Amino acid sequence: MIKEHKMYSVICDRCKINAFENDENIAWESEGSAWEMAYASGWQKIKGRHYCPGCYEINDEDELVVKVGVRMYWTPGT
């Protein structure tokens, strides 16, 4: 039997990379599970949007800010 399932993944709102692109599991059964795994890999949520480690930085005031200018692609597992 083949059954359709609704699955969730986390995509960077800046560079559009999938948080689980190079992992064995590329999607999760709940939004919460997908976010927990992405967060454990260094992803952050800033103003309701999701960013991979290559697309945000911590400024001098210890605030998370989205990088501007040249896109910085992040490779999962690095």
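The values are calculated or read from the model by the stated rules, or taken from the named source; none is laboratory data. Note that the structure is a prediction, hence the values are computed from the model and not measured. Positions of Cβ are generated from backbone atoms using ideal geometry, with glycine treated the same way; all protein chains shown enter the neighbour counts.
Considering only the stretch 10-24, state which residues are under 10 Å from residue 38 (Cβ atoms), assigned to a loop (DSSP other than H, G, I, E, B) and either at pLDDT 90 or above or touching a Gly at 6+ places or on another chain (Cβ under 9 Å) (or both). Can you show your working first?
Just the residues of the stretch 10-24 that are under 10 Å from residue 38 (Cβ atoms), to begin with: 10-12, 18-20.
From the residues that got through so far, the ones that are assigned to a loop (DSSP other than H, G, I, E, B) too are 10, 12, 19-20.
10, 12 - these are the residues of the stretch 10-24 that are under 10 Å from residue 38 (Cβ atoms), assigned to a loop (DSSP other than H, G, I, E, B) and either at pLDDT 90 or above or touching a Gly at 6+ places or on another chain (Cβ under 9 Å) (or both).
Somewhere in the stretch 37-49, is a residue modelled with pLDDT under 85, surrounded by 12 or more Cβ atoms within 10 Å (Cβ to Cβ) and not in a strand (DSSP E or B)?
Residues of the stretch 37-49 modelled with pLDDT under 85: none.
Checked the stretch 37-49: no residue is modelled with pLDDT under 85, surrounded by 12 or more Cβ atoms within 10 Å (Cβ to Cβ) and not in a strand (DSSP E or B).
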